[in-house]
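Following this message is one structure expressed as structure tokens.
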Amino acid sequence: MTRHYRQHAAGSAFERNASRLRLELSMGTPRRHLDVLVELLRVLVEDTGGTQLTARYRTELAELEQAVATRSNLRVVR
């Protein structure tokens with residue numbers, strides 16, 4: 001597998017899992033489940049290389065981390 005393909009695969013995986021994290025946040029998922037996705041995104045963003053796209057992913061990851069940081073471990077049941 002070439003370096004370019006690995007970076008592309010990591011970028012695709014980042015976008016897919018970031019979308020999943022946003023969905024989980026909107027569904028009110030407890031933080032303990034969200035932290036796993038944040039860790040995965042941290043690994044994936046490092047595998048995307050040093051491109052401008054990586055900088056955008058880091059910004060997006062920081063925003064998602066902030067949203068997860070405000071989440072409680074307890075799910076609110078209505």
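The values are calculated or read from the model by the stated rules, or taken from the named source; none is laboratory data. Worth saying up front: this structure is predicted, and the values here are computed from it rather than measured. For neighbour counting, all protein chains shown are included, and Cβ atoms are generated from backbone atoms with ideal geometry for every residue, glycine included.
Within region 1-13, is there a residue that is surrounded by fewer than 12 Cβ atoms within 10 Å (Cβ to Cβ) and within 9 Å of the chain's Cα centre (by Cα)?
Going through region 1-13, the residues surrounded by fewer than 12 Cβ atoms within 10 Å (Cβ to Cβ) turn out to be 1-5.
The next check asks that each one be within 9 Å of the chain's Cα centre (by Cα); those that pass are none.
Within region 1-13, not a single residue is surrounded by fewer than 12 Cβ atoms within 10 Å (Cβ to Cβ) and within 9 Å of the chain's Cα centre (by Cα).
Just to be sure I understand the filter: pairs with C-beta atoms under 8 Å, separated by 6 or more residues or on different chains, first member in region 30-59 and under 16 Å from residue 8 (Cα atoms) and touching a residue at least 24 places away in the same chain (Cβ under 8 Å), second member in a helix (DSSP H, G or I) and among the charged types (D, E, K, R). Which pairs pass?
Listed by first residue and then by second, the contacts come to 45/58; 47/6; 49/3.
Please determine, by comparing only the residues of region 49-73 that are assigned to a helix (DSSP H, G or I) and either touching a His at 6+ places or on another chain (Cβ under 8 Å) or hydroxyl-bearing (Ser, Thr, Tyr) (or both), which one is surrounded by the most Cβ atoms within 10 Å (Cβ to Cβ).
Looking at residues that are assigned to a helix (DSSP H, G or I) and either touching a His at 6+ places or on another chain (Cβ under 8 Å) or hydroxyl-bearing (Ser, Thr, Tyr) (or both), I get 57.
Ok, one more. Do you know which of the residues in region 47-64 that are modelled with pLDDT under 95 and touching a helix residue (DSSP H, G or I) at 6+ places or on another chain (Cβ under 8 Å) is nearest to residue 7 (Cα to Cα)?
Across region 47-64, the extreme among qualifying residues is 48.
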